[in-house]
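*Asks:* Structure below; questions to follow.
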Amino acid sequence: MKSVLAIILGGGAGTRLYPLTKFRAKPAVPLAGKYRLIDIPVSNCINSEIHKIYVLTQFNSASLNRHIGRTYQFSNLTDGFVEVLAAQQTPESPSWFQGTADAVRKYLWLLDTWNVDDFLILSGDHLYRMDYSLFVERHRATNADITLSVVPMGYKQASEFGLMKIDGTGRVVDFSEKPKGEALDRMKVDTTVLGLTPDQAQEQPFIASMGIYVFKKQVLIDLLRKGVDHTDFGKEIIPASARDHNVQAYLFDGYWEDIGTIEAFYDANLALTMQPQPPFSFYHEDAPIYTRSRYLPPNKLLDCHITESSITEGCILKNCRIHHSVIGLRQRINANCTIEDSLLMGADYYEPLSESSQHLTRGKVPIGVGEGSVIRRAIIDKNARIGRNVQIVNKENVQEAEREDLGFYIRSGIVVVLKNATIPDGMII
């Protein structure tokens, strides 16, 4: 895979994941208590022996730069790297990134210098484990100009995705964006061509793009230079190229989840606590998910009742009850607290116990969750200060709310407490 260069699209402002993207780029959003979203595609690349990786981003990229710089350092004896390419204005290109294809177009001057055969285009907000080498091998075996990774879909989900049709050789011949009714029926395909069994093909007669592509190097360069008005891969570049280019579909039949919204992000994180086997597992020795090594101390659990939960390292939990939740790095939870169906992202640093005690005596709120507090169906971002006897339970079942002045939002009924926010003693949300 030395002749493949990977390009991870960091996405735009991350409005669907706001307020988690208030202070960070979308690929830098914490995942599963200790990882970041960017760790998924980067780890998949490393496990597939693809070591030349660029990440394109233009919003709040400071923490993403810091994470990548501290995490992915290759030996000087190799040509491997993971680098962020941030949006920039130049005399030739005075505008910011206008879309996924436009982001790549603005860096063609750099990408064209690489002596590679193929470009692998990836998204930065999906949760899955994939061997890209098999993807690239299929691309080369079919002499494809472009290969799309696709997932099979049933009727229930299909109308929410961009669908495509293929012929008997697996070549893509038609596209339709979120079709419904008769238009949806016209997008049925024989998915046995891609490797599904007849029974599976009957249950899942549609295929949807994962937003993962392999381009021949020169094909991508030519398409981007000719179609200067086309700014998006999935909606413009690829559909427009299907007639004159060999566009192939590659079936991925493993777990894949688009976690670009608050609700999807919340569900994907809590699904990691499922028993006996979560749909996505980080316990995979042959294809690990990498992240920054922090060398934190072991957890300290004092008289706690914990069920169906994941507790990340460095936590201090006292006489609390935790159910179906993910607890992030360095999280402190004090006595008589109840945490249910929630994601607590933890803290970036330890607040000294002496400082925490001073906060309490002065009527201030230390980092962590104060005594007697209850948190249900919520996301608590990093470094949040939850006071004593707080109730974050969405008592009135509000579906959408923006209370940034009070330190929280509500998205799809999920309370999201902002990073660094303070929720004072006794507050009820």
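The values are calculated or read from the model by the stated rules, or taken from the named source; none is laboratory data. Worth saying up front: this structure is predicted, and the values here are computed from it rather than measured. Reconstructed Cβ throughout: ideal geometry from the backbone, glycine too, with neighbour counts over all protein chains shown.
*Asks:* Scan region 273-286 and report the pairs whose first residue is assigned to a loop (DSSP other than H, G, I, E, B) and whose second residue is at pLDDT 90 or above and of a type in the set (D, E, K, R), with Cβ atoms within less than 6 Å and a gap of 6+ or a chain change.
*Replies:* 273/308
*Asks:* A further question on this structure: Among the residues of region 389-426, write down those that are in contact with a helix residue (DSSP H, G or I) (Cβ under 9 Å, 6 or more places away or on another chain) and either buried (at least 18 other Cβ atoms within 10 Å of the Cβ) or under 15 Å from residue 347 (Cβ atoms) (or both).
*Replies:* 409, 411, 414, 416, 418, 421, 423
*Asks:* Further, regarding this structure: Here are 208, 249, 268, 242: which of them is in contact with a strand residue (DSSP E or B) (Cβ under 6 Å, 6 or more places away or on another chain), of a type outside the set (Lys, Arg), farther than 28 Å from residue 168 by Cα and surrounded by 13 or more Cβ atoms within 10 Å (Cβ to Cβ)?
*Replies:* Working: 208 fails: farther than 28 Å from residue 168 by Cα; 249 fails: farther than 28 Å from residue 168 by Cα; 242 fails: farther than 28 Å from residue 168 by Cα.
After applying the criteria, what remains is 268.
*Asks:* Another question, then. Residue 230 fails exactly one of the following numbered conditions: (1) over 21 Å from the mean Cα position of the chain (by Cα); (2) surrounded by fewer than 20 Cβ atoms within 10 Å (Cβ to Cβ); (3) part of a loop (DSSP other than H, G, I, E, B); (4) touching a residue at least 24 places away in the same chain (Cβ under 8 Å). What is the number of that condition?
*Replies:* (2)
*Asks:* Is there a residue being out of contact with any helix residue (DSSP H, G or I) (no Cβ under 6 Å at 6 or more places or on another chain), crowded, with 18+ Cβ neighbours inside 10 Å and charged (D, E, K, R) anywhere in region 342-361?
*Replies:* no
*Asks:* Search region 184-202 for residues being surrounded by 14 or more Cβ atoms within 10 Å (Cβ to Cβ), at pLDDT below 90 and in a helix (DSSP H, G or I), and hand back the single one that is farthest from the chain's Cα centre (by Cα).
*Replies:* Per the criteria, the residue is 193.
*Asks:* Further, regarding this structure: From the list 5, 56, which one is touching a helix residue (DSSP H, G or I) at 6+ places or on another chain (Cβ under 8 Å), farther than 20 Å from residue 130 by Cα, assigned to a strand (DSSP E or B) and not β-branched (Val, Ile, Thr)?
*Replies:* On the way: 5 fails: farther than 20 Å from residue 130 by Cα.
That would be 56, the only listed residue that is touching a helix residue (DSSP H, G or I) at 6+ places or on another chain (Cβ under 8 Å), farther than 20 Å from residue 130 by Cα, assigned to a strand (DSSP E or B) and not β-branched (Val, Ile, Thr).
*Asks:* Of all residues in region 317-343, how many are in a loop (DSSP other than H, G, I, E, B) and touching a Gly at 6+ places or on another chain (Cβ under 9 Å)?
*Replies:* Number satisfying all stated conditions: 6.
*Asks:* Within region 121-164, restricting attention to residues that are touching a Leu at 6+ places or on another chain (Cβ under 7 Å) and assigned to a loop (DSSP other than H, G, I, E, B), which residue is surrounded by the fewest Cβ atoms within 10 Å (Cβ to Cβ)?
*Replies:* Applying the filter and picking the extreme gives 159.
*Asks:* Can you confirm whether region 212-219 contains a residue that is surrounded by fewer than 16 Cβ atoms within 10 Å (Cβ to Cβ), of a type outside the set (S, T, N, Q) and in contact with an Asp or Glu (Cβ under 8 Å, 6 or more places away or on another chain)? Please lay out each step first, then the result.
*Replies:* Taking region 212-219 as the starting set, the residues that turn out to be surrounded by fewer than 16 Cβ atoms within 10 Å (Cβ to Cβ) are 218.
Narrowing the set further to residues that are of a type outside the set (S, T, N, Q) leaves none.
So far as region 212-219 goes, no, none of its residues is surrounded by fewer than 16 Cβ atoms within 10 Å (Cβ to Cβ), of a type outside the set (S, T, N, Q) and in contact with an Asp or Glu (Cβ under 8 Å, 6 or more places away or on another chain).
*Asks:* Scan region 190-197 and give yes if some residue there is more than 22 Å from residue 112 (Cα to Cα) and among the small types (Gly, Ala, Ser), otherwise no.
*Replies:* There is at least one residue in region 190-197 that is more than 22 Å from residue 112 (Cα to Cα) and among the small types (Gly, Ala, Ser).
*Asks:* Residue 225 - would you say it is within 14 Å of residue 145 (Cβ to Cβ) and either over 28 Å from the mean Cα position of the chain (by Cα) or assigned to a loop (DSSP other than H, G, I, E, B) (or both)?
*Replies:* For residue 225, the condition - within 14 Å of residue 145 (Cβ to Cβ) and either over 28 Å from the mean Cα position of the chain (by Cα) or assigned to a loop (DSSP other than H, G, I, E, B) (or both) - is not met.
*Asks:* Does residue 68 count as surrounded by 20 or more Cβ atoms within 10 Å (Cβ to Cβ), of a type in the set (Val, Ile, Thr), closer than 27 Å to residue 286 by Cβ and modelled with pLDDT under 95?
*Replies:* Answer is yes for this residue.
*Asks:* A further question on this structure: Here's a check for you: in region 1-23, which residue that is closer than 25 Å to residue 378 by Cα and polar (S, T, N, Q) is surrounded by the fewest Cβ atoms within 10 Å (Cβ to Cβ)?
*Replies:* Filtering region 1-23 down to residues closer than 25 Å to residue 378 by Cα leaves 11-23.
Pick out the ones that are also polar (S, T, N, Q) and you get 15, 21.
On the way: 15: 12, 21: 20.
So, considering only residues that are closer than 25 Å to residue 378 by Cα and polar (S, T, N, Q), the one surrounded by the fewest Cβ atoms within 10 Å (Cβ to Cβ) is 15.
*Asks:* What's the number of the only condition in (1) at pLDDT below 90; (2) on the phi > 0 side of the Ramachandran plot that residue 143 fails to meet?
*Replies:* Evaluating residue 143 over (1) at pLDDT below 90; (2) on the phi > 0 side of the Ramachandran plot leaves (1) as the failure.
*Asks:* Does residue 210 fit the bill of being among the aliphatic types (A, V, I, L, M) and part of a loop (DSSP other than H, G, I, E, B)?
*Replies:* Considered against the rule, which asks whether it is among the aliphatic types (A, V, I, L, M) and part of a loop (DSSP other than H, G, I, E, B), residue 210 comes out as no.
*Asks:* Given (1) basic (Lys, Arg); (2) modelled with pLDDT under 90; (3) surrounded by fewer than 20 Cβ atoms within 10 Å (Cβ to Cβ), identify the lone condition not met by residue 26.
*Replies:* Result: residue 26 passes all but (3).
*Asks:* Let me ask you something else. I need every pair where a residue in region 353-371 that is assigned to a helix (DSSP H, G or I) has its Cβ under 7 Å from the Cβ of a residue that is surrounded by 12 or more Cβ atoms within 10 Å (Cβ to Cβ), sequence separation at least 6 or different chains.
*Replies:* What qualifies is 356/366; 359/365; 359/366; 360/366.
*Asks:* Restricting attention to region 239-246, does a residue exist that is more than 24 Å from residue 121 (Cβ to Cβ) and not in a strand (DSSP E or B)?
*Replies:* no
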